[in-house]
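Contents: one structure, followed by commentary.
The values are calculated or read from the model by the stated rules, or taken from the named source; none is laboratory data. Owing to the predicted nature of the structure, the values given are computational and were not obtained by experimental measurement. Note: ideal-geometry Cβ built from the backbone for every residue, glycine included; neighbour counts use all protein chains shown.
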Amino acid sequence: MNEVLQKLVMLQDLDYLIVEVKSKDVKKVQKKMGLEIKGDEKLHDAKKALEEAIPPRVLSRYHKLMERFGRAIAPVVDSKCMGCYMTLPKRLSVKELGNKELRQCERCGMYLYWV
Ligand SMILES: [Zn+2]
């Protein structure tokens, strides 16, 4: 898989995790289970390290997409972008080629990865 794409997938996962950890309900559940997560800081450190490894242009696009859609990376299933359900042009829908390069959906702009 493309290195930047891989990092973007990780970054999005981290972002979701950070939101989850912040949510009070999750904290309540964790307390009930005797788990106290003190990993917030570590998550932010990991996020910072990842962000530094992603080209600024890609990162800024990522943040814009997160703001707008709440996600920035969409899987491709059956040649369709799962962000907007558009069928991708044939030249874009080859799995083997898809993950080698960082690609964006022509309609919604999300970064694409093939599953
Ligand atoms: Zn799309």
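Where residues in the stretch 71-100 are within 14 Å of Met1 (Cβ to Cβ) and among the β-branched types (Val, Ile, Thr), which of them is farthest from the ligand (Cβ to nearest atom)? Only one residue tops the list, namely Ile73. Taken together, Lys64, Lys80, Lys24 contain a single residue that is at pLDDT below 85 and either basic (Lys, Arg) or at positive phi (or both), which is Lys24.
What's the total number of residues in the stretch 61-81 that are under 13 Å from the mean Cα position of the chain (by Cα) and free of Cβ contacts under 8 Å to residues at least 40 places away in the same chain? Total meeting the criteria: 5. So, in the stretch 101-115, how many residues would count as being more than 13 Å from the ligand (Cβ to nearest atom), surrounded by 13 or more Cβ atoms within 10 Å (Cβ to Cβ) and in contact (Cβ under 8 Å) with a residue 60 or more places away in the chain? Number of matching residues: 1. Mind checking whether some residue in the stretch 39-61 is within 16 Å of the ligand (Cβ to nearest atom) and either surrounded by 13 or more Cβ atoms within 10 Å (Cβ to Cβ) or charged (D, E, K, R) (or both)? For the stretch 39-61, residues within 16 Å of the ligand (Cβ to nearest atom) and either surrounded by 13 or more Cβ atoms within 10 Å (Cβ to Cβ) or charged (D, E, K, R) (or both): present.
When Leu8, Leu65 are screened for being within 12 Å of the ligand (Cβ to nearest atom), surrounded by 14 or more Cβ atoms within 10 Å (Cβ to Cβ) and part of a helix (DSSP H, G or I), only Leu65 passes.
Here Cys84 meets each of (1) part of a helix (DSSP H, G or I); (2) surrounded by fewer than 17 Cβ atoms within 10 Å (Cβ to Cβ); (3) of a type outside the set (D, E, K, R) with one exception, condition (1).
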